[in-house]
Amino acid sequence: MEFDRRSRLRPRLSVAPLVDVVFLLLIFFLLTSSYEKSGAIQLDLPRAQSSRPVGDSAITLSLAADGSTRLNGRQVASADLKAELELLLSADQAVLLRADRAVAVAELVRVMDSVRQAGGRALSLATVFPAPAGGSDVDRADDDGG
């Protein structure tokens, strides 16, 4: 008895399942990787014992030690600050001013004046509340009473 060797099927490698596995791995790594905030700047905020937490609804104005100004995380030129604030401010919306401790007082006063001229009535200065031993510092705000 003789078997026909030509009738045997050769195994084929299908590419479709391989592509599916590669895409699943790609999605897995994209979902599990960590991302860094791209618009954030490092500020060394001053410390205060009498500060209190602020809400997330406030407009955030950040002044860096290098002189750059950010409004809600977006870079803003000093000359355009008042106009940009006028567009964002509503009747009773608060402005949270996060200024690096190395910022000059004259620059801080200029920015505070721009906020007032734009119609801002509630202005708070962000500080860091020292945490108990072993904990991390917490961002807080000191209200200037206005």
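Structure notes:
- Pairs are defined by a Cβ separation below 6 Å, a sequence spacing of at least 6 or placement on different chains, a first member in region 94-123 that is touching a residue at least 40 places away in the same chain (Cβ under 8 Å) and over 14 Å from G67 (Cβ atoms), and a second member that is outside any loop (DSSP other than H, G, I, E, B) and of a type in the set (S, T, N, Q); the pairs so defined are L96/T60; L96/S124; R98/S62.
- Tallying residues that are of a type outside the set (V, I, T) and either surrounded by 17 or more Cβ atoms within 10 Å (Cβ to Cβ) or closer than 12 Å to I59 by Cα (or both) within region 101-120 yields 4.
All of the numbers you see were taken from the coordinates with simple rules; none came from a lab. This structure is a prediction, so every number in the text was calculated from the model and none was measured. Here the Cβ is made from the backbone with ideal geometry for all residues, glycine too, and neighbour counts use every protein chain on show.
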